[in-house]
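The values are calculated or read from the model by the stated rules, or taken from the named source; none is laboratory data. Just so you know, these numbers come straight off a predicted model, no measurement behind them. Here the Cβ positions follow ideal geometry from the backbone for every residue, glycine too, while neighbour counts run over all protein chains shown. Quick note on the areas: whole protein, heavy atoms, side chains included, nothing else; ligands and nucleic acids left out. Shrake-Rupley method; radii C 1.70, N 1.55, O 1.52, S 1.80 Å.
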Amino acid sequence: MKILQRISIIALFSLSPFALWGKRGVGTSDVLRLVAGQDSYVRELRKHFHLYPELSGQEIETARRLKAELEQLDGFEIHDVPGSTGFYAILNTGRDGKTIGLRTDIDGLPIEESPTNGGDKPKKWVSRNAGVTQGCGHDGHMAIILGTARILHSLRSQLRGRIVFLFEEGEESNSGIRPMIAALQQDSIRFDVIYGNHVASNVPSGQIFVKEGPIMAGMATLAYHIVGRGGHVSRPDKSVNPVFAAANVLTSISIAWNNQRDLEKLVTLGVTQLEGGRVYNVIPNEVFIGGSLRFFDREAGEHALELVKSVSEQVAAAHGCTVSYTDRMRVDLPPVSNDTIYTRYARQQIEALFPGHVTADPQYVWYGSETFALYSQLAPTVFTLVGVNSPEVGSTAQHHNDKFDLDEDALQYGVGAMTQFVVGLLARN
């Protein structure tokens with residue numbers, strides 16, 4: 001970013017939101033009124049997207065509904081993303097100014113939803129699509145961005161610049177982010193900043209977590225085979241058994257984890273799959289090992305992945321086996337790391353709108369990973385966590401859980417924070 005642009009943003013810190021917007025501009029009371037006016041619309045959309053979730057790469061009806069909502073408003077240019085169900089929509093004020101990206105994910109998860117939530121209370125809405133649920137809150141994200149779109153559309157005569165709404169396919173499978181970035185680059189979309197949010201079950205409802213630096217973990221995927229030579233179980237000496245080799249690989253990795261890494265740089269090791277033979281009397285040819293690493297320092301994550309590979313190869317060789325890596329065995333995502341200047345600005349703006357509802361408490365840093373991290377290739381990024389944990393509602397279960405639920409009262413904070421961030425940067429005055 002150009003130095004003068006960053007200085008201009010810093011200069012805004014010394015001004016109150018009211019000074020920024022001027023007498024004829026939009027004040028925080030106006031934004032609150034507009035957010036309240038969209039509340040029933042946002043709740044209705046969250047209901048629809050929760051009832052009819054679709055899996056990553058299959059969000060055909062979801063995308064159709066999202067586009068239909070935008071097409072009710074004049075002035076949106078909708079662009080499909082090649083090779084994806086995702087798309088982006090541009091709202092241009094017709095006046096020179098910054099270009100701000102606002103992003104939502106749109107996919108569900110392959111989980112059969114429980115009718116009760118983490119507090120064992122009946123959920124308000126339960127998926128009608130068998131085996132699929134919005135178990136991570138993407139229904140809330142879509143509702144938030146559409147509510148924000150309606151507000152910003154109503155304010156466009158008082159703004160300058162343009163807003164690009166990003167509807168990203170397949171966040172859960174990482175399938176949509178790279179086609180989205182490629183499309184934006186192909187179409188020469190130049191962003192000043194990209195903003196996103198995520199509902200968070202670890203943050204109290206009514207609180208918004210806004211913090212500079214890493215706030216979500218990077219991810220490396222483990223996906224490889226220990227390859228031996230199969231045979232009849234009665235003569236193990238005639239085979240090369242990959243089952244024992246795989247078991248020893250995992251034991252050796254866990255030991256190396258504490259002895260061959262910098263323990264001051266946290267990397268979590270999660271092994272979730274160990275898949276070998278299907279019957280009791282056949283030694284399989286290979287055993288699959290799957291899982292993931294999570295980290296907040298990319299160099300530490302890359303070193304940890306190389307450690308897994310080195311240990312696996314050496315232990316497998318000691319058993320007469322080899323290692324075969326799939327193309328998924330890689331660092332998939334860097335940490336989500338917020339730009340310092342824009343994040344401080346976002347916190348100031350959101351605090352002005354919702355006094356006492358903004359936190360930077362590091363206990364809310366999340367070990368989950370997010371494809372949003374890759375938007376930092378295009379521009380500075382700001383990612384906020386909107387708290388939805390409410391014991392009263394029962395929305396206390398973790399994400400990716402059949403009992404996951406969210407407090408719909410918290411959606412207004414997501415809409416308000418996103419709207420306020422844009423208005424503060426694009427206000428004509």
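Brief remarks on what is shown
- With respect to the chain, whose longest principal axis is taken over its alpha-carbon atoms, helix 3-12 is tilted by about 60°.
- The lysine pair count for the chain, using Cα distances under 25 Å and pairs eight or more places apart or on different chains, is 15.
- Put simply, the amide H of Asn285, placed in the peptide plane, has neighbours under 5 Å in Gly230, leaving out anything fewer than 5 places away on its chain.
- 0 to 90° range, to nearest 10: angle between helix 138-154 axis and the chain longest Cα axis: 20 degrees
- Averaged over residues, the count of other Cβ atoms within 10 Å places the peptides 159-166, 71-78, 51-58 in the sequence 159-166, 51-58, 71-78, highest first.
- Of Tyr195, Leu266, His303, farthest towards positive along the dipole that unit charges on Lys, Arg, Asp, Glu beta carbons give the chain: Tyr195
- Taking amide hydrogens as placed 1.01 Å from N in the peptide plane, the amide H of Gln398 sits under 5 Å from that of no residue at least 5 positions away in sequence or on another chain.
- Taking θ as phi - 60° and the Karplus parameters 6.51, -1.76 and 1.60, the scalar couplings of the range 81-98 work out to 9, x, x, 8, 7, x, 7, 9, 10, 10, 10, 9, 6, x, 10, 4, x, 6 Hz in sequence order, x denoting glycine and proline.
- Accessible area of the range 25-75 belonging to carbon and sulfur atoms, whole % at 1.4 Å probe: 50 percent
- Long-range Cα-Cα pairs in the chain (distance over 35 Å), rounded percent: 34 percent
- Per residue, the accessible area of the chain comes to 42 Å² when a 1.4 Å probe rolls over the protein heavy atoms.
- Karplus (6.51, -1.76, 1.60) ³J(HN,Hα), θ = phi - 60°, over the range 372-384, in Hz, Gly and Pro reported as x: 3, 4, 6, 5, 5, 5, 9, 5, x, 10, 10, 10, 10
- Per-peptide average of other Cβ atoms within 10 Å, ordering 330-336, 91-97 highest first: 330-336, 91-97
- Taking all pairs of distinct alpha-carbon atoms in the range 285-429, Kirkwood radius in angstrom: 18.9 Å
- Percent accessible area from carbon and sulfur atoms, the range 112-267, protein chains only, probe 1.4 Å: 50 percent
- Near Asp332, the amide H atoms lying under 5 Å from its own belong to Met219, Ala220, Thr221; only residues 5 or more places off or on other chains count, and H is placed 1.01 Å from N.
- The listed residues Asp409, Asp105 rank as Asp409, Asp105 when sorted by accessible area, largest first, using a 1.4 Å probe.
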